[in-house]
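Comments concern the structure below.
Computed from the coordinates by the stated procedures, all read-outs in this text should not be read as laboratory data. Just so we're clear, the structure is a prediction, and the values are computed from it rather than from any experiment. With ideal geometry, Cβ positions are generated from the backbone for all residues, glycine too; neighbour counts draw on all protein chains shown.
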């Protein structure tokens with residue numbers, strides 16, 4: 001079974017005024033959380049990051065209060081049309097694979113730590 005993945009964005013960082021526009025987003029903090037149920041237990045893990053947004057004065061502009069979560073997630077996820085050198089965006093599948101691997105490790109640990117009960 002696979003974990004259920006949820007992507008969220010937190011408080012956006014934005015310039016109050018930039019190049020004649022108001023509330024221009026320049027930084028997106030994000031979190032990808034994965035949760036899986038097994039044997040009546042819930043296992044979870046997450047990955048966090050921050051993506052810097054490059055302002056393009058020639059691109060269409062959406063007013064801050066009209067931004068949607070899906071639109072903002074589209075800014076942070078790398079697509080096939082993004083330049084190969086764009087290291088700023090994340091590959092959604094890679095982040096989710098890392099979160100899934102962490103959830104799997106919680107479910108079936110490959111190593112443990114602790115002290116003997118006699119201590």
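Between the Cα long axis of helix 92-107 and the first principal axis of the chain there is an angle of about 20°, rounded to the nearest 10. What the Cβ-Cβ distance of residue 68 and residue 106 gives, at R0 = 30 Å and to the nearest 0.05, is a FRET efficiency of 0.40.
Legend: calculated FRET efficiency, residue 119 to residue 39, from the Cβ-Cβ distance at R0 = 22 Å, rounded to 0.05, equals 0.15. Where only DSSP H runs of four or more residues are counted, the chain gives -6500 deg cm²/dmol as its mean residue ellipticity at 222 nm, each run worth -39500 (n - 2.57).
With the convex hull drawn around the C-alpha atoms of the chain, the volume per residue stands at 170 Å³.
Do you know the relative contact order of the chain, to the nearest whole percent, from alpha carbon pairs under 8 angstrom that are 6+ apart?
After rounding, I find 24 percent.
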